[in-house]
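Below is one structure; the comments refer to it alone.
The values are calculated or read from the model by the stated rules, or taken from the named source; none is laboratory data. What you see is a predicted model; the values in this text were computed from it and never measured. Cβ: placed from backbone, ideal geometry, glycine included. Neighbour counts: every protein chain shown. Surface accessibility is based on the protein's heavy atoms, side chains included, excluding ligands, DNA and RNA. Shrake-Rupley method; radii C 1.70, N 1.55, O 1.52, S 1.80 Å.
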Amino acid sequence: MLKENIELVKGNIKRVANKSGRAYDDITLLGVTKNVEVSKINESTKYGIENIGENRVQELNKKYGSLNDNIKVHMIGHLQRNKVKDIVGKVDLIHSLDRISLAKEIEKRSKKIGVITNTLIQVNTSGEKSKYGISPKDIYELLKEIEKMDYIRVLGLMTIAPHTDNKEVIRNTFKDLRRIMEDIKQDAYKNINMKYLSMGMTNDYEIAIEEGANIIRLGRAIYGERNY
Ligand SMILES: *Cc1c(COP(=O)(O)O)cnc(C)c1O
């Protein structure tokens, strides 16, 4: 199943990338492995999954030591300040930086162990109260704080589309994220290098690619339905 799922997804990414005049190689496929066992995660590397995303620190740490060496781990879920120390130095990219207090903690903990931590700013483009993420108007204040720091880098933006069947609503949230990125690029902020747009999940990744995503986060499309 895993092999077939991944081949299917890769075929779709290629097709949509081609149609949109984009290069397939520019798009990183992140396997979202919450509730997926380690053996299955490791098996998926055989079929080309090199980056995985976990959304809970505890689960990430439980699996971390047993993962194949070539796997890069991303933190994609809401991050509490007191958990930051448990993941700096381990994760390749934190997708869920959404507030100044969290940036300060990442800075502090990264400095302590002498690493630079790469992050994406999670933006609440849909305005839904239940979703985490910084509201677009507050991003600039966060960027100005990060400019003063030494151990944290921002490499782009992440968003989660609203839960809806309305494709235009989903497309508009992705367009918004891209616009915000272009806007930030207008100014040369220190420590900020806007190169990644992390958007698109199982239900909406084709739209995300059309709108410029270069990291897509797929759980069910690769590992099957989750049973909670
Ligand atoms: C679960 C999750 C995904 C993957 O969702 P699927 O619908 O299984 O593809 C992507 N991003 C985040 C932040 C998630 O929590």
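No solvent, one uniform scatterer per C-alpha: report log10 I(q)/I(0) for the stretch 1-136 via the Debye equation at q = 0.16, 0.18 1/Å, two decimals.
The calculated log intensity ratios at q = 0.16, 0.18 Å⁻¹ are -0.94, -1.10.
About the Cα centre, and with charges only on the beta carbon of Lys, Arg (+1) and Asp, Glu (-1), how big is the dipole of the stretch 1-61? Nearest 20 debye, please.
It works out to roughly 280 debye.
Using the Cα centre of the chain as origin and beta-carbon charges of +1 (Lys, Arg) and -1 (Asp, Glu), tell me which of 93, 173, 30 is placed farthest towards the positive end of the dipole.
Most positive-ward Cα: 93.
Under the definition of Cα pairs under 8 Å and six or more residues apart, what whole-number percent is the relative contact order of the stretch 158-228?
Answer for the stretch 158-228 is 28 percent.
Determine the relative contact order of the stretch 42-99: mean sequence separation of Cα pairs under 8 Å and six or more apart, normalised by residue count, in whole percent.
Here the relative contact order equals 36 percent.
Just how large is the dipole of the stretch 69-196 about the Cα centre, in debye to the nearest 20, putting +1 at every Lys and Arg Cβ and -1 at every Asp and Glu Cβ?
Roughly 300 debye, rounded to the nearest 20.
Summarise the accessible area of the stretch 53-125 (1.4 Å probe, protein heavy atoms) by the percent that is carbon and sulfur.
So the carbon and sulfur contribution to the accessible surface is 42 percent.
Compute a Gaussian network model of the chain, connecting alpha carbons closer than 10 Å, and tell me which residue from 28, 45, 164 fluctuates the most.
Among 28, 45, 164, the largest mean-square fluctuation in the Gaussian network model of the chain belongs to 164.
Take the alpha-carbon positions of the chain, form their convex hull, and give its projected area averaged over all directions (one quarter of the hull surface) in nm².
Computed as one quarter of the Cα hull surface, the answer is 12.2 nm².
Between 54, 141, 206, where does the largest GNM mean-square fluctuation fall for the chain, given springs only between Cα atoms within less than 10 Å?
141
Give the accessible surface of the chain per residue, rounded to a whole number of Å², with probe radius 1.4 Å and ligands, DNA and RNA excluded.
Heavy-atom accessible area per residue stands at 50 Å².
Past the 18 Å Cα-Cα mark, which pairs from 34/63; 63/90; 72/148?
Pairs exceeding the cut-off: 72/148.
For the peptides 147-153, 105-111, what is the packing order when you average, over each peptide's residues, the other Cβ atoms within 10 Å and list the highest mean first?
Result, highest mean first: 105-111, 147-153.
Using the basic label-point model (7 angstrom from Cα toward the beta carbon), what is the residue 100 to residue 40 distance in nanometres?
According to this spin-label approximation, the distance is 4.2 nm.
Hey, got the dipole for the stretch 58-102? About the Cα centre, +1 on K and R Cβ, -1 on D and E Cβ, debye to the nearest 20?
So the magnitude is around 160 debye.
At 7 Å along Cα-to-Cβ for each site, give me the label-to-label distance between residue 163 and residue 226 in nm.
Using points 7 Å along Cα→Cβ, the separation is 1.2 nm.
So what's the stretch 78-146 giving for Cα Rg divided by 2.2 N^0.38 Å, two decimals?
Compared with the compact-globule rule of thumb, the stretch 78-146 sits at 1.10.
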